[in-house]
Amino acid sequence: MRSFWIAAAVALAAAGGWIGRTAFGEDEPQDAPAAGADMEAEMIKLATPGPMHEWLAQAAGEWDMATTSMNQDGTKVEGTGCASIKMVLGGRFQLQTTTGSFHGMPYEGHGITGYDNLSQTFQNFWFDTLGTTPSVAKGKRSEDGKTLEMSGVWPMPGGKDMPFRMVTTVVDADHMTFAMHGDFGGGEVTMFTSTYTRKK
């Protein structure tokens, strides 16, 4: 299926280039196949997993989670959970499934994180049982490979959007932390933290 769409995109790009050149009389139509071949090679390159995808794959496995969520009055609620992380779609995306409790209620979440070779950014989509609106974030990894920071805007009731920031820190091969920060209008606060410990 991917090959079909690549071929279709290349055909459209080649046709577009041919029409443009013909309409304005700049080049002959026979130049179109070369442009199409270049486009196909570039798209294949962009579709190929690289070092950043290998970095995401290092988190694959089963994890125990210790969580802390913050109430609006500043009190903390401790919880536990589990996370299963694996690479999907040929190593292009990291899929995380978490289960546990949130404020005493059963919780389940699913997240997909990938690295976009074109924009050279990490992107995350998160869905869970706390609502029907997913979060969408993008960002960069630190040069030392220890921290991934992504940010986005979450639609909230009343028509106000909440800027948020997600920070994942790799402590070592068997430990990592996650923190969610949000700004409800009075400055950024830490909403949720989680410590991951790899199951043996």
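Worth a mention:
- Counting the residues of segment 59-81 that are of a type outside the set (Ser, Thr, Tyr) and in contact (Cβ under 8 Å) with a residue 40 or more places away in the chain gives 9.
- Residues that are out of contact with any strand residue (DSSP E or B) (no Cβ under 6 Å at 6 or more places or on another chain), modelled with pLDDT under 95 and in a loop (DSSP other than H, G, I, E, B) within segment 140-183 comprise just one, Lys160.
- Options Ser119, Ser101; residue that is in the same structural domain as Pro163 (by TED's automatic domain parsing), hydroxyl-bearing (Ser, Thr, Tyr) and out of contact with any strand residue (DSSP E or B) (no Cβ under 7 Å at 6 or more places or on another chain): Ser119
- Applying the set (1) among the acidic types (Asp, Glu); (2) in a strand (DSSP E or B); (3) at pLDDT 95 or above to Glu54 leaves exactly one unmet item: (2).
- Checking Pro134 against (1) modelled with pLDDT under 95; (2) exposed (fewer than 12 other Cβ atoms within 10 Å of the Cβ), the condition it does not meet: (2)
- Any hit, segment 107-130, residues being more than 15 Å from the chain's Cα centre (by Cα), surrounded by fewer than 14 Cβ atoms within 10 Å (Cβ to Cβ), part of a loop (DSSP other than H, G, I, E, B) and of a type outside the set (A, V, I, L, M, F, W, C): yes
The values are calculated or read from the model by the stated rules, or taken from the named source; none is laboratory data. Quick caveat, the model's predicted, so the values are computed rather than measured. Positions of Cβ are generated from backbone atoms using ideal geometry, with glycine treated the same way; all protein chains shown enter the neighbour counts.
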